[in-house]
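Visitor: My questions will all concern the structure given below.
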Ligand SMILES: [Zn+2]
């Protein structure tokens, strides 16, 4: 039997595309460095709004299957081989935006029993034994029910896995420091006329924005910016990229961040200023 990679990173996301938008550079970097990068996506995003006119006939399960193909292509761009759907593809349905009738679908992720869903994730945690878990904050970054539920399930699974024998040493939430977001939108105002997008987004569109002091960790993904942009572009039903900005189906331009930011919420922060490695201090844990 071959030894598993020494460094193992687990990311929990709601829909295909969230991983590339939030963590594309981080995933590409750690995959390139030989770490095991495991992505668990909770739904296939089959209620996502489709951008390209020629693909708008894709809906429901057919869209879900198509988005699995986009996810596969995105993972190829990032060099990530281990990506899974929670409970298997299509097990949990996309819940749609908050407040829609879709939220009441008994098969949707929002209606899932948190402990049952967490049990699926515990299996992955006990198999992979990650030193680092990355997910969203309790608002799911921006309030989409599947993102909120992904947070709940990831945090619950970390607790259950600890009881079952694997305590994840470090847990991070995806963040954007307010100053970085503000700066990116100021620059957007200047370059927007040259971009193929109509309208500027606002900082409130960006998930996970917090005061700079809360940022514990920043991953410089400059070397992986192209891989991140390619991975985002692979999700063509959901995302249109014109670096260094992109739009979702709402057509509002948002920045592509190549440095990705995190807040450590469980575990020991490495001493000094911001960490530059999610695994800092975990060397003793294998
Ligand atoms: Zn999402």
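Bear in mind these aren't lab numbers, they're just calculated from the coordinates by the rules spelled out. Please read all numbers here as calculations on a predicted model, not as lab measurements. Because the Cβ atoms are built from the backbone with ideal geometry, glycine has one as well, and the counts that use them run over all protein chains shown.
Visitor: Under 11 Å from a point placed 7 Å out from the Cα of residue 183 along the Cα-to-Cβ direction: which residues of segment 259-283 have their backbone N that close?
Guide: Within reach of a label on residue 183, which here means backbone N under 11 Å from a point 7 Å along Cα→Cβ, segment 259-283 contributes 259.
Visitor: Measuring from the lowest to the highest alpha carbon on each principal axis, how far does segment 153-286 reach, largest first, in angstroms?
Guide: Taking the Cα atoms of segment 153-286, the three principal extents are 53, 33, 27 Å.
Visitor: Of the listed peptides 68-77, 167-176, what is their order by residue-averaged count of other C-beta atoms within 10 Å, with the highest listed first? If you can, show how the numbers build up before the last one.
Guide: Details: 68-77: 19.3, 167-176: 22.6.
The peptides rank, most packed first, as 167-176, 68-77.
Visitor: Would you mind ranking 29, 274 so that the residue whose beta carbon has the fewest other beta carbons within 10 Å leads the list?
Guide: Details: 29 26, 274 15.
Least crowded to most crowded, the residues run 274, 29.
Visitor: Now for a separate question. Ranked from highest to lowest mean number of other Cβ atoms within 10 Å per residue, what is the order of the peptides 44-56, 120-132?
Guide: Those peptides, ordered most packed to least, come out 120-132, 44-56.
Visitor: Sticking with this one: Of the beta bridges DSSP finds with both residues in the chain, what % are antiparallel, to the nearest 5?
Guide: Of all bridge pairs located within the chain, approximately 40 percent are antiparallel.
Visitor: Let me ask something else about it. Write down Rg/Rh for segment 245-286, rounded to two decimals, with Rg from the C-alpha atoms and Rh from the Kirkwood relation over Cα pairs.
Guide: 1.19
Visitor: Rounded to whole Å and sorted largest first, what semi-axes of the equivalent ellipsoid does the C-alpha gyration tensor of segment 65-158 yield via the square root of 5 times each eigenvalue?
Guide: On the way: eigenvalues 91, 62, 35 Å².
Here the semi-axes work out to 21, 18, 13 Å.
Visitor: With a 10 Å Cβ neighbour count serving as the proxy for reagent exposure, in which order, fewest first, do 139, 15 appear?
Guide: Ranked by crowding around the Cβ, least crowded first: 139, 15.
Visitor: Also: In which sequence would 235, 57, 144 go, from the one with the fewest C-beta neighbours within 10 Å to the one with the most? Spell out each step's value before the answer.
Guide: Values: 235 27, 57 9, 144 22.
Neighbour counts put them in this order, fewest first: 57, 144, 235.
Visitor: How do the peptides 34-40, 262-268 rank, highest first, by the average count of neighbouring beta carbon atoms within 10 Å per residue?
Guide: So the order, starting with the most tightly packed, is 34-40, 262-268.
Visitor: Still on this structure, I have one more. Translational D (Stokes-Einstein, µm²/s) of the chain at 37 °C and 0.692 mPa s when Rh comes from the Kirkwood sum over C-alpha pairs?
Guide: Numbers: Rh = 19.0 Å.
This corresponds to a translational diffusion coefficient of 173 µm²/s.
Visitor: To continue, here is another question. Relative contact order of segment 190-281: what whole-number percent is it, with Cα pairs under 8 angstrom and at least 6 residues apart?
Guide: 37 percent
Visitor: Among 230, 150, 32, which one moves the most in a GNM of the chain with springs linking Cα atoms closer than 10 Å?
Guide: Comparing 230, 150, 32 in a Gaussian network model of the chain, the most mobile one is 32.
Visitor: Ratio to report: Rg/Rh of segment 1-105, with Cα atoms as the point set and Rh obtained by the Kirkwood method; give two decimals.
Guide: Looking at segment 1-105, the ratio lands at 1.02.
Visitor: Same structure, new question: Any idea how far apart residue 195 and residue 142 come out in nm if each label point goes 7 Å out from Cα toward Cβ?
Guide: Distance between label points: 1.3 nm.
Visitor: State, as an integer percentage, the relative contact order of the chain based on alpha-carbon contacts under 8 Å between residues 6 or more apart.
Guide: That works out to 23 percent.
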